Structure formats: structure tokens, C-alpha cells
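The values are calculated or read from the model by the stated rules, or taken from the named source; none is laboratory data. Note that this is a predicted model, so its numbers are computed, not measured. Cβ placement follows ideal geometry from the backbone for every residue including glycine, while neighbour counts extend to all protein chains displayed.
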Amino acid sequence: MKKNENANPIAQQESGEDVKEKDQREIVIRAVPNQQITQILQQYNISLNSGANKGAGGMNEQKAEDAKVGEQKKFLVNSQTTSLFMQQNQFRTIVGLSSILKDVMWNSGKLLWIDLSYNYLEKIEDELVNNFPCLRTVYLHNNYIVNMDEVRKLNTLPDLHTITLYGNPIEQIKGYRMWVLGVMYLQSESLKKLDQVVVTKKEFDAVCVWNEALMKNAGQKLKKLIPANI
């Protein structure tokens with residue numbers, strides 16, 4: 001029987017290369033451990049598993065490093081409340097409010113807006129201005145404040161921008177708005193809105209004149225300034 005002389009030379013070449021590649025592969029011979037080999041390994045403190053242990057140790061070190069980097073990337077996010085709405089709660093006083101808020105709010109002293117409208121408040125507690133110095137908006141409308149001297153406590157808030165006092169008995173006082181603005185501008189000129197009405201430049205100028213002429217001994221005058229029917 002004749003050999004196929006027309007066999008594909010390329011296929012024969014590839015077959016030869018496969019054989020050559022197999023011959024070049026590393027041949028690993030695993031010797032059966034005997035007592036002599038074991039003694040030599042022990043004498044020179046050689047462990048056949050050192051490579052594996054080193055690899056495992058390297059993986060553990062890498063995991064530890066990754067965990068460390070992950071911890072560095074973490075940061076604490078604090079949710080800060082800036083507005084507190086406590087209207088229509090039948091409050092007669094807010095004494096103790098600041099201590100309660102410290103327990104339930106983060107950085108409660110940074111409160112910017114508090115709504116205490118539609119309650120039964122007769123006084124503006126010192127606690128309001130002493131413990132919440134950053135207040136910019138204070139709603140006190142529809143309460144039972146009868147003495148204009150209570151309003152003066154609010155002028156110690158340096159950033160107070162808006163207040164509401166309508167619906168209180170002091171609204172019945174003649175010249176109520178001028179009195180309130182006069183009291184507020186004794187300490188600071190930050191107030192821009194009273195009872196939801198913007199203070200105009202003309203009104204501001206009038207208050208400045210009012211303060212110069214009529215606000216001498218303001219403390220004594222304000223204590224006497226109460227509605228006629230109270």
C-alpha cells in the first residue's frame with residue numbers, strides 16, 4: 001500500500017510543532033519522600049509548604065491593606081436640622097426645650113427657624129434666645145403675649161431676619177408696628193420682615209427717628225406698654 005504523497009504539508013508541519021512543544025514542556029518528577037530527605041529538610045528548616053503559606057499570607061496582608069484603605073474612605077455624615085415646627089401644640093412655656101432637643105437633634109444650637117405659633121405662650125422665654133443664637137426666623141403669631149417688653153428679648157439675636165407677632169394682644173397697642181421695629185433696631189438692624197411684611201427703607205428711616213426721639217428709657221416705657229383692655 002502506497003503512502004499518500006499528496007498529504008497536506010502544512011498539517012504535517014503543525015503536527016511536528018505540537019510534538020516539539022510537548023517535548024519542551026517542563027517535566028516534574030515527584031519523588032517519594034524518604035527518611036533521609038525528611039532529615040535534611042528538618043536540619044535546614046525547610047518547609048515544602050512555605051510557598052503556599054507565603055501565598056496565603058500575602059493574600060491576608062492584601063485583604064488587611066484593602067480593609068485599611070476602605071476605612072480611610074469612610075466618613076461620618078451628620079444630618080443637621082435647621083427648622084423646627086411646633087405650632088398648634090397648646091404650649092404654655094418652652095422651658096426645657098433646649099435640653100430635650102440636645103437629646104434628639106445633632107447640634108441643635110444651630111437651629112435657624114422655629115415656629116411656635118398658635119400656642120398659649122404669654123412670655124418669650126430667655127431660653128429661646130440664649131440657647132438658639134443662630135435663629136433667623138421666629139414665628140410667634142397667635143399666642144398670648146401682652147407685654148411689649150417681652151419682644152425686646154428678641155433683639156439680642158444678631159442674625160434675626162423675620163419675626164411674626166400678629167394675633168397677640170400686643171397687636172392692639174397703638175403704633176404696634178413702630179414699637180416693635182423700634183425695639184428690634186435698638187441692638188441690631190438685621191430684621192428685614194415683620195408679620196410677613198418687608199420693612200421698607202422709608203419705614204426704617206422713620207424708626208431711626210422714632211428711636212432717637214421716643215426710645216429714651218425704653219425699658220421703663222415698654223413695661224408700661226400693654227393693651228388697654230388687658
Q.
Could you check region 126-149 and list, in sequence order, the residues that are within 22 Å of TRP179 (Cα to Cα), surrounded by fewer than 18 Cβ atoms within 10 Å (Cβ to Cβ) and acidic (Asp, Glu)?
A. ASP126
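Would you check which residues across region 92-102 are surrounded by fewer than 16 Cβ atoms within 10 Å (Cβ to Cβ) and in a loop (DSSP other than H, G, I, E, B) and list them?
Applying the first criterion (surrounded by fewer than 16 Cβ atoms within 10 Å (Cβ to Cβ)) to region 92-102 yields 92-93, 95-96, 99-100, 102.
Passing the criteria: ARG92, THR93, VAL95, GLY96.
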**Q.** Close pairs from region 150-165: first over 14 Å from TYR176 (Cβ atoms) and surrounded by fewer than 22 Cβ atoms within 10 Å (Cβ to Cβ), partner polar (S, T, N, Q) and modelled with pLDDT under 90, Cβ under 7 Å, at least 6 apart
**A.** ASN155/GLN187; ASN155/SER188; THR156/GLN187; PRO158/SER188
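Looking at ASN89, ASN107, ASN119, which is the one that is more than 19 Å from LEU154 (Cα to Cα) and more than 16 Å from the chain's Cα centre (by Cα)? Can you show your working first?
Numbers: ASN107 fails: more than 16 Å from the chain's Cα centre (by Cα); ASN119 fails: more than 19 Å from LEU154 (Cα to Cα).
Criteria check complete, one pass: ASN89.
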Q: Could you look through region 176-214, keep only residues that are under 25 Å from VAL146 (Cβ atoms) and of a type in the set (Val, Ile, Thr), and pick out the one that is surrounded by the fewest Cβ atoms within 10 Å (Cβ to Cβ)?
A: VAL197
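Assess whether TYR176 counts as being touching a Cys at 6+ places or on another chain (Cβ under 9 Å) and aromatic (Phe, Trp, Tyr). Step through it out loud before you land on a result.
On the way: touching a Cys at 6+ places or on another chain (Cβ under 9 Å): no; aromatic (Phe, Trp, Tyr): yes.
Against the criterion (touching a Cys at 6+ places or on another chain (Cβ under 9 Å) and aromatic (Phe, Trp, Tyr)), TYR176 does not qualify.
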